[in-house]
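These notes concern the structure reproduced below.
Read-outs throughout are calculated quantities, based only on the coordinates presented, and are distinct from any laboratory measurement. Since the structure is predicted, the reported quantities are computational estimates derived from the model, not experimental observations. Glycine gets a Cβ as well: all are built from the backbone with ideal geometry, and neighbour counts include every protein chain shown.
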Amino acid sequence: MSKVDLSRELKDVYKAKKEPALIDVPVGKFLAIDGTGDPNGEEYQEAMMALYGSAYTLKFHYNTLGSDFKVMALEGLWWIENGVFDMNNPAPRENWRWTSMIRVPNYVTQKEFDVVLPAIIEKRGEKVKEVRLMEFDEGLSAQIMHIGPYSEETPTINRLHNWVTEQGYRLRDKHHEIYMSDPRRTAPEKLKTIIRHPVTR
């Protein structure tokens, strides 16, 4: 049985350099869940359990159907309602809005997700009902690799934003982070996070 590894098939999407660069991100299919508040809070932790539970259960389900895929890195879209998500002047964390998501192969269908949903709910709880399968079209974006604690991302984000302006582009849509390291197994100073933001002329 061959195993789909999207991190290899989409190498440019899941790697970044320490210097800003442009990337045209292809449309992709994701498991996603929305929420509000502090990422250290209870709602976020429950959402992560529901999201990862869905991803791994779906992976094992497709395995029984003769397909297999690697569970991809966690990604997060961040914003605040009616305002700019600015880490230099951050809004109170209880006002943060987020969509957490995990990319899955394009062959994953809503029909098969519905098949495994009752089992995930039984194991992970009612929060799983908030997980959805969606297409995400990000398009032209600027990105940079941040190495270090999440709490020290601001200088990296500023470099990216300044570079975007210098290149004659402007930011659009939501701040995007891709968490390439497992914080449970990686020292904070070695964490790798792709910082991405869609842009337009």
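Determine the calculated [θ] at 222 nm for the chain from helices alone, applying -39500 (n - 2.57) to every DSSP H run no shorter than 4 residues and normalising by the residue count; nearest 500 deg cm²/dmol.
Counting only the DSSP helices, I get -9000 deg cm²/dmol.
Sticking with the crude label model, points 7 Å out along Cα→Cβ, report the distance from residue 27 to residue 109 in nm, one decimal please.
1.8 nm
Running Debye on region 3-200 with equal point scatterers at the Cα sites and no solvent, what base-10 log of I(q)/I(0) appears at q = 0.12, 0.14 Å⁻¹?
Here the Debye-derived log intensity ratios amount to -0.62, -0.85.
Could you tell me how far the Cα centroid of region 1-19 sits from the Cα centroid of region 56-113, in Å?
16 Å
Taking a spot 7 Å from the Cα of residue 151 along the direction of its beta carbon, which residues of region 179-198 have an amide N less than 17 Å from it?
In region 179-198, the label zone of residue 151 (backbone N under 17 Å from the point 7 Å along Cα→Cβ) covers 183-184, 186-192.
What is the spin-label model distance, in nm, from residue 65 to residue 119 if the labels are put 7 Å beyond Cα along the C-beta direction?
1.2 nm
Read phi for every residue in region 21-32 and hand back ³J(HN,Hα) as whole Hz from Karplus 6.51 cos²θ - 1.76 cosθ + 1.60, θ = phi - 60°, with x for Gly and Pro.
For region 21-32, the Karplus-derived couplings read 7, 8, 8, 9, 7, x, 4, x, 9, 9, 7, 9 Hz, x marking Gly and Pro.
With a ≥ b ≥ c the root eigenvalues of the C-alpha gyration tensor of region 77-191, is it rounded (a/c under 1.5), prolate (a/b larger than b/c) or oblate?
prolate
Which ³J(HN,Hα) values, rounded to whole Hz and listed in residue order, are derived for region 5-11 from phi using the Karplus coefficients 6.51, -1.76 and 1.60 in 6.51 cos²θ - 1.76 cosθ + 1.60 with θ = phi - 60°, glycine and proline given as x?
Per-residue couplings from phi come out as 10, 5, 5, 8, 5, 10, 4 Hz.
Could you derive backbone 3J(HN,Hα) for region 143-156 from the dihedral phi with the Karplus parameters 6.51, -1.76 and 1.60 (θ = phi - 60°), listing whole Hz in sequence and x where the residue is Gly or Pro?
Computed from phi, the couplings for region 143-156 are 8, 7, 8, 9, 10, x, x, 4, 5, 10, 6, 3, x, 5 Hz.
Counting only residues 5 or more places away or on other chains, whose amide H sits under 5 Å from the amide H of residue 175 once H atoms are built in the peptide plane?
Placed amide hydrogens put 78 under 5 Å from residue 175.
Rank-order 99-105, 129-135, 88-94 by packing density, defined as the average count of other C-beta atoms within 10 Å over each peptide's residues, highest first.
99-105, 129-135, 88-94
Counting Lys +1, Arg +1, Asp -1, Glu -1, what net charge surrounds residue 45 among other residues with beta carbon under 13 Å of its beta carbon?
Overall, the nearby charge balance is -1.
Note the full-extension length gain between residue 185 and residue 87 as 0.36 nm times their separation in residues minus their Cα-Cα distance, in nm to one decimal.
32.7 nm
Mind giving me the FRET efficiency for residue 167 and residue 56? R0 is 35 Å, r the Cβ-Cβ distance, nearest 0.05 is fine.
So, using R0 = 35 Å, E works out to roughly 0.30.
Towards the positive end of the charge dipole of region 95-187, with charges on Cβ (+1 Lys, Arg; -1 Asp, Glu), say which of 108, 164, 186 has the farthest Cα.
The residue sitting most towards the positive pole is 186.
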